Amino acid sequence: MKIKPYLAVCLAFVSIVTTSCKKNNQPLNDVDVPVNYPAKATVKSAKVIFTAPNAVKVYGSGYGSALAKVPGEPNAFYLMTDRGPNVDGSLKDSKLFPLPNFNPHIAKFKLVGDSLEYLSSIEFKNALGVKVTGLPNPIGQGNTGEVALDFLGNTLTNDADGIDCEGLAVANDGTFWVSDEYGPHLVHFDKNGKTIERINPYGNGTGGRKIPEVFKKRRANRGMEGLTLSPDGKTLIGMMQSPMYNPAKDKVANSKLLRILTFDIATGTTKQYAYLIDNTKTLSSEIVAITASTFLVLERDGDFAGGTPAAQVKKVYKIDISGATDISDPKNGAGGLMFGGKTLEELSVTELSANNIIPVTKELVVDLLTIPGGYPHDKAEGLAIINNNLIVVSNDDDFGVTSPATANNTLIAKKLASGKLDANVLYFIPITKSLK
């Protein structure tokens, strides 16, 4: 077979041209023709799916929670919703769901110039083929303590198959793995979105397999935010968004430790590693594999550039787990591995070192706040690798709505510091140092 030569990679602020080749009938970067990537591309055709009593509109966007390349289609991307539009409710620990029957799903988009054109959807369904919702799980099955309300203030029924999907990985066979902020759950969906297997710390999912008990301690709405597959497709790597409430919220207020979980798909064997966030106000939004031991991680705060307070951290790091300590608990206790009666989340950075806990290494790849044109959004949640010198980041626009300063069962429009309504945007970002 004649092998096509690599074309030069041209990096520019406005247009980025990249290409690769096929070798032994396998695409290296799923690209064998030149593709023009703009500096950014916007979903410009989001429709209004709900109008609140105060006339605030909910848009059918919300696709930035995760993104992935469509294998074999260099100008196409999968983007995923989360559990659907929701804001803080007026009751303690409540969430208001304007569209309780919203069906979390993956949408396929085609890049056309600097726009993203919607092509189709893959709707998530349970093992019986029934569409799932984004409503909280029952107690003992992944419940976060959140109370779901409708617009009339009625308490909504929990959904045993409900998913607050946040991490997305496409398997070599075209099926999908998704992680969420409830259970946390690792859910395997077929090509049509039907559940094949659902794995969590409770063992009540489809198939009955479990991840370690300690993951029951995940913080509400801060579960397994990131998910990726190893290049060989054999191992899932998931990352928690924030330090877990292990053993309790007041005990981990100063924690910087996030857990990374690896899950061998064939055997169910797991390992865990410690990632240290920049400060106690930042969190992790995504993880994507470079090699079997190196990954890109999105770390961010929750503020807008130019806002009050102004964003400080929107960064992509390259991490390496090869020299890190496996912090798994051989006894699989409720609090995980303990030192002097303390959980890992209770230990300071100094105490971690004193107990020979080596975290993953991290190296800055790009600061999103410094890219040409800036990054105006509060949330950077999707991340994918185009090639060794180009990555793409998506934002979560929360369907164009957010919570009022004082929760009162109403919606307000989600706007950037500029006053413009937030929207789904992909940012194609050249990086100076090759990933491999």
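No value in this document is a laboratory result; all are computed from the given coordinates. Bear in mind the structure is a predicted one, so any value in this text is a computation, not a measurement. FYI the Cβ positions are ideal-geometry reconstructions off the backbone, even for glycines, and counts take in every protein chain you see.
Pairs from the list K57/K125; K131/K251; K251/K331; K234/K436; K125/K217; K251/K271 with a Cα-Cα gap above 30 Å: K131/K251. Fully extending the segment from T291 to L276 would add 3.4 nm, taking 0.36 nm per residue of separation and subtracting the current Cα-Cα distance.
Annotation: aspartates and glutamates with alpha-carbon distance below 12 angstrom to K249 (same-chain offsets under eight excluded): E345, E346.
Using the Cβ-Cβ distance between N355 and D93 with R0 set to 35 Å, the FRET efficiency works out to roughly 0.55. Give K256/K342; K47/K414; K210/K362; K47/K314 a once-over and call out the pairs whose C-alpha atoms are over 18 Å from each other. Check vs 18 Å cut-off fails for K210/K362; K47/K314. When peptides 91-98, 212-219, 170-177 are sorted by average Cβ neighbour count within 10 Å, with the highest value leading, the order is 212-219, 91-98, 170-177.
Across the options Y273, V56, L426, the greatest Cα extent toward the positive end of the charge dipole of the chain (unit charges at beta carbon of Lys, Arg, Asp, Glu) belongs to L426.
Can you give the extra length, in nm with one decimal, that the chain gains between N192 and K131 once fully stretched, where that is 0.36 nm per residue apart less the Cα-Cα distance?
20.8 nm
Here's the picture: charge each Lys and Arg Cβ at +1 and each Asp and Glu Cβ at -1 in the range 15-430, and of P201, V360, V214 the one pushed furthest to the positive end of that dipole is P201.
Cross-link partners of K191 among aspartates and glutamates, defined as those whose alpha carbon lies under 20 angstrom from its own and excluding same-chain residues fewer than eight positions apart: D30, E73, D82, E123, D161, D164, E166, D173, D180, D232.
So, by mean Cβ neighbours within 10 angstrom, what's the order for 152-164, 234-246 with the highest one leading?
Values: 152-164: 17.9, 234-246: 23.3.
Averaged packing, sorted descending, gives the order 234-246, 152-164.
Taking the range 368-383 and a reference point 7 angstrom along Cα→Cβ of A417, the backbone N atoms nearer than 20 Å belong to 368-381. For the charge dipole of the chain, defined by +1 on Lys and Arg C-beta atoms and -1 on Asp and Glu C-beta atoms about the Cα centroid, which residue among L135, L236, A405 has the Cα displaced farthest towards the positive pole? Positive-end residue among those listed: L236.
Calculate how many DSSP beta bridges within the chain are antiparallel, expressed in % of all such bridges and rounded to the nearest 5. Walk me through the intermediate numbers first.
On the way: 100 of 107 bridges.
Roughly 95 percent of the beta bridges in the chain run antiparallel, per DSSP.
Look at the Cα gyration tensor of the chain: its axes a ≥ b ≥ c give a/c under 1.5, and that counts as rounded.
For K95, the amide hydrogen comes within under 5 Å of the amide hydrogens of G89, V147, A148, L149, counting only partners 5 or more places away or on other chains and with H modelled in the peptide plane. Taken along the Cα-to-beta-carbon direction at a fixed 7 Å, the label points for T155 and N101 span 2.3 nm. Taking every DSSP helix (H) stretch of at least 4 residues in the chain, weighting each as -39,500 (n - 2.57) and dividing the sum by the residue count yields a mean residue ellipticity at 222 nm of -500 deg cm²/dmol. Between A66 and M80, the built amide H atoms are under 5 Å apart, and every one of these is 5 or more places off in sequence or on another chain.
From Cα pairs below 8 angstrom and at least 6 apart in sequence, can you work out the relative contact order of the range 15-430, rounded to a whole percent? Provide the component values of the computation, followed by the final result.
Numbers: 1135 pairs, mean separation 61.3, N = 416.
Value for the range 15-430: 15 percent.
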